[in-house]
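The values are calculated or read from the model by the stated rules, or taken from the named source; none is laboratory data. Since this is a predicted model, take the numbers as computed values, not measurements. A quick note on method: Cβ atoms are made from the backbone with ideal geometry, for glycine too, and the neighbour counts reach across all protein chains shown. The area values use the complete protein model at the heavy-atom level, side chains included, leaving out ligands, DNA and RNA. Shrake-Rupley method; radii C 1.70, N 1.55, O 1.52, S 1.80 Å.
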Amino acid sequence: MHLSYKHSYPASSDDVVALMANPDFISDVAEHAGATSHDVRIEGRTTHMEMALEAPNDVRKFVGSTIHVTERLTWGDPDAQGVRRGNIEFSVAGLPVNISAAAVLTPTGEASCVATYEGELNVKIPIVGKKVESLVAPSIDDAFAGLQRRATHWLTR
């Protein structure tokens with residue numbers, strides 16, 4: 001299933017990249033997502049987060065009451081125009097579910113930028129995979145919307 005998101009941020013792309021590599025910010029995102037536990041680590045240009053979440057009602061029969069999600073976000077150096085390219089990946093422990101999206105962070109002014117995420121949600125379960133994708137997609141939409149909300153909050157405080 002194709003995924004596409006566009007976020008506008010009230011800060012420079014450098015500030016957004018720095019925020020997304022801030023363990024306190026990533027912890028805040030996890031807490032606002034409803035994580036019952038989480039772990040954050042930064043390794044070079046890559047932010048890693050592992051969190052346990054209550055499974056959405058529609059997918060509990062497939063996954064149980066809790067899901068363990070791993071997220072990895074990496075940003076590259078800016079090009080001559082200040083555009084940064086990266087990648088964001090999500091996986092669910094013990095399940096053939098993964099999300100991979102190309103990320104592009106484009107300056108739109110001295111203190112503003114736009115992030116676009118284009119990728120795919122894949123659930124590799126014979127026969128029911130597409131149905132599970134459609135059940136999981138709203139949670140992915142919520143996760144990306146939550147990332148934008150929390151980032152905007154942090155960048156404007």
Exercise. So Phe144 fits all but one of (1) farther than 17 Å from Ala35 by Cα; (2) part of a helix (DSSP H, G or I); (3) open to solvent by less than 20 Å² (accessible area, probe 1.4 Å); what number is the exception?
Worked result: (1)
Seminar exercise, completed: With the first residue restricted to the range 7-20 and required to be over 14 Å from Arg150 (Cα atoms), and the second required to be aliphatic (A, V, I, L, M), Cβ contacts under 6 Å at 6 or more apart or on different chains are Ser12/Ala111; Ser13/Leu105
Exercise. Name the residues in the range 15-27 that are farther than 15 Å from Thr156 by Cα and not β-branched (Val, Ile, Thr), would you?
Worked result: Ala21, Asn22, Pro23, Asp24, Ser27
For this session: Those residues that are farther than 25 Å from Pro78 by Cα, modelled with pLDDT of 95 or more and charged (D, E, K, R), I need them from the range 32-67; list them, please.
Result: Asp39, Glu50
For this session: Examine the range 51-61 for a residue that is within 30 Å of Ser112 (Cβ to Cβ) and either within 13 Å of the chain's Cα centre (by Cα) or without any contact (Cβ under 8 Å) to a residue 60 or more places away in the chain (or both), and state whether such a residue exists.
Result: yes
Exercise. Within the set of pairs 6+ apart or on separate chains, which have a first residue in the range 93-108 that is at positive phi, a second that is of a type outside the set (Lys, Arg), and C-beta atoms under 8 Å apart?
Worked result: Gly94/His68
For this session: Of all residues in the range 91-112, count the ones that are at pLDDT below 95 and of a type in the set (Val, Ile, Thr).
Result: 3
